[in-house]
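Reviewing the structure listed below.
Please treat every number below as a calculation from the coordinates, not as lab data. This structure is a prediction, so every number in the text was calculated from the model and none was measured. Using ideal geometry, Cβ is built from the backbone for each residue, glycine included, and neighbour counts are taken over all protein chains shown.
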Amino acid sequence: MRAQQIADARYAHPVRVLAVIRPVDELLRDGILTTARLGLLRKYDGLINYMYLPDYTEEFPESVALLYMTVILHHDIIEGQRITQLAYEGAQQLQRKLVAFASGLLFNRSEFKPPMD
């Protein structure tokens, strides 16, 4: 997907990826993450199956997107329900992580420059 929106305010591509997001505290409590893995996530976002999301508000604490549990949806299903949107760097990192998860190709973060216009 290249452009998020086209000139008449419609989205350029109707497909969206929906990922399950769980709070870090819950994943630690349930043994899904260890403190060592959490350190890797915080410092490098280096685990392919997960994407680290720092806290945004009280409503959205420090969390992890579970990339192995993504669902493909049409945009019309989720329209009007967005809480927030990733900044440019976050969207770029999400694309990098999805490429790594789906293909096994892990590009260096500084070299991964997908079209984001």
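Values for this structure:
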read-out: Pairs of Cα atoms farther than 26 Å apart, the chain, %; value: 22
read-out: Under the Karplus curve 6.51 cos²θ - 1.76 cosθ + 1.60, θ = phi - 60°, whole-Hz ³J(HN,Hα) for segment 59-68, x wherever Gly or Pro sits; value: 6, 10, x, 3, 9, 9, 7, 8, 5, 7
read-out: Net length gained if the chain between I77 and N108 were fully extended (0.36 nm per residue, minus Cα distance); value: 7.8 nm
read-out: Cleavage-rule hits, trypsin sites (Lys or Arg not before Pro), segment 23-117, DSSP coil, Cβ neighbours within 10 Å at most 16; value: R82, R109
read-out: Value at 222 nm in deg cm²/dmol, rounded to 500, when DSSP H runs of n ≥ 4 in the chain each add -39,500 (n - 2.57); value: -8500 deg cm²/dmol
